[in-house]
1. Considering every residue within segment 306-321, establish whether at least one is under 17 Å from Ala18 (Cβ atoms) and outside any helix (DSSP H, G or I).
2. Take the conditions at pLDDT below 90 and either of a type in the set (Gly, Ala, Ser) or closer than 19 Å to Gly173 by Cβ (or both) and apply them to Ala223. Does it pass?
3. Can you confirm whether Val113 is more than 21 Å from the chain's Cα centre (by Cα) and either open to solvent by 10 Å² or more (accessible area, probe 1.4 Å) or at pLDDT 80 or above (or both)?
4. Pairs under 8 Å by beta carbon, first residue in contact (Cβ under 8 Å) with a residue 60 or more places away in the chain and open to solvent by less than 20 Å² (accessible area, probe 1.4 Å) in segment 138-155, partner of a type in the set (Gly, Ala, Ser) and in a helix (DSSP H, G or I), six or more apart or different chains?
5. With respect to the numbered conditions (1) farther than 26 Å from Arg73 by Cα; (2) of a type in the set (A, V, I, L, M, F, W, C); (3) in contact with a Leu (Cβ under 9 Å, 6 or more places away or on another chain), which one is the sole condition not fulfilled by Ile315?
6. Please count how many residues of segment 263-281 are surrounded by 13 or more Cβ atoms within 10 Å (Cβ to Cβ) and out of contact with any helix residue (DSSP H, G or I) (no Cβ under 8 Å at 6 or more places or on another chain).
7. Report those helices (runs of 4 or more DSSP H) wholly inside segment 112-226 carrying at least 2 residues which are in contact with a Phe, Trp or Tyr (Cβ under 7 Å, 6 or more places away or on another chain).
8. When you check Ser331 against the structure, is it modelled with pLDDT of 80 or more, open to solvent by 30 Å² or more (accessible area, probe 1.4 Å) and either closer than 26 Å to Leu435 by Cβ or outside any loop (DSSP other than H, G, I, E, B) (or both), yes or no?
Amino acid sequence: MSEESRNRPSGLALIPFAVFAVFYVGLSLYAGRQGFDMPWYKVPMPIAFWVASAVSLLFGRRRFSEKVDIYARGMGETNIMIMCLIFILAGSFATVAKGSGAVDAAVALAQIVIPAKLMVAGVFFVSCAISTAIGTSCGTIAAVAPIALSFAGPLQLPPVLLLGSVVAGAMFGDNLSMISDTTIAATRTQGVRMKDKFRANVLIAAPAALVAFALYASAGSAAGEVALPEVGWREGVRLVPYLIILVLALVGFNVMALLFSGTLLAAGLGWTLGKFDFFGALDLLGKGTLGMSETLIVALLAGGLFRSVQVNGGITWLTERISRLVKGPRSCEAGVAVLTAAVNCFTANNTVAIVIAGPIAKECSDRFGANAVRIASVLDTASCVVQGLIPYGAQILIAIGVAKGQDYSIDAVSLLKCLYYQPVLAAAVFLSFFLARRRTVGRPSEGVAL
């Protein structure tokens, strides 16, 4: 008899999820009322999962040691472990590639190519490209926003519009990048290949990005000129690791082998071009790996928490309630989008939202025959839409912080008005429920074959 069948469906088993939401959201709101800066980041996400996990071990009639064993097996589930390995490699690659000067090279090349009169739309395009290459929206905003804001005075452009184009473009790559933690989480939880998810996702994101590009092009026109940086062959060479990662991922190269080889290439180029020495490369690799520590811990705790709730009948109860509203693949996709968006609003972290909603989405998609690739795409896209619009999300907080450092006072409400891409992307997701092809896409038999 399976663990799941030993307990009947139970809504009470979902209480640990409620505890997580109350603990994290409640304390964050309290911190805000006490006047703390960035109150949504005063409560460490791993601690919120730790508290919820402790509560989950109180449910069920099994011995406590058996409950701990079930929780530990959830932490060590194959998909969770592979996800953690990919997170480690992705963090190392992103840090070493950035340290080799790839991000600075991309920005410098973009300044040469983009006409001053299209600078707002150009900044959006650059943010799209860089976030797709490095796989992180926060890193893109931190790298591009200061340069974008430096154009405000010379080109007589609204700073808030330039900043909005950066945040909007950053969310494009966060959604599409092969090494983004959201892509990794979405494909792992649904058991699909990255290249298949990318192909499905780009049909939604690319049209939305084109519309946003047109909106930014018409929203602001430069009235001045800026001095252009000097660009040589070294800048082009520094972009090679990103280009190789993208090409090899699209042709179906194993993601872990791809990230490992890309990291070695980026480290070799950085060393050859004099950006760092051997020990400097090791330092960057270490920082990249440790930089993913919170994400790794959250993934492990979320895996254990989900398994405990599942064994106690909570997931079965939830899917049965959802099934009353879901009539087929299309409504299943819509339900997954709503679920992911709601979780993201509570957690303020799109990766965590996918890790929590992903297993539930998989059970629903299996039950109603939904396209697994489409479900992965909807998971990632819905979370990125919400993450890019919540004023307490890391992306908007970082953007406002960068602006403050540049002596610009920009509030969240003003910035939200300049985020053209996210609402268009939400509309594109909605339309895709009716327009997307619904052929079945097979799941890989091996979890590592992304």
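The values are calculated or read from the model by the stated rules, or taken from the named source; none is laboratory data. Keep in mind the model is a prediction, meaning the values are calculated, not measured. Cβ: placed from backbone, ideal geometry, glycine included. Neighbour counts: every protein chain shown. The area values use the complete protein model at the heavy-atom level, side chains included, leaving out ligands, DNA and RNA. Shrake-Rupley method; radii C 1.70, N 1.55, O 1.52, S 1.80 Å.
1. Checked segment 306-321: at least one residue is under 17 Å from Ala18 (Cβ atoms) and outside any helix (DSSP H, G or I).
2. So Ala223 fits the description; yes.
3. The answer is yes for Val113.
4. So the pair list comes out as Ile141/Ser127; Ile141/Ala170; Ile141/Ala399; Ala145/Ala399; Ala145/Ala403; Leu149/Ala403; Leu155/Ala116.
5. The single condition Ile315 does not satisfy is (1).
6. Counting residues in segment 263-281 that are surrounded by 13 or more Cβ atoms within 10 Å (Cβ to Cβ) and out of contact with any helix residue (DSSP H, G or I) (no Cβ under 8 Å at 6 or more places or on another chain) gives 2.
7. 119-134, 159-176, 181-190, 194-219
8. Judged against the criteria, Ser331 is a match.
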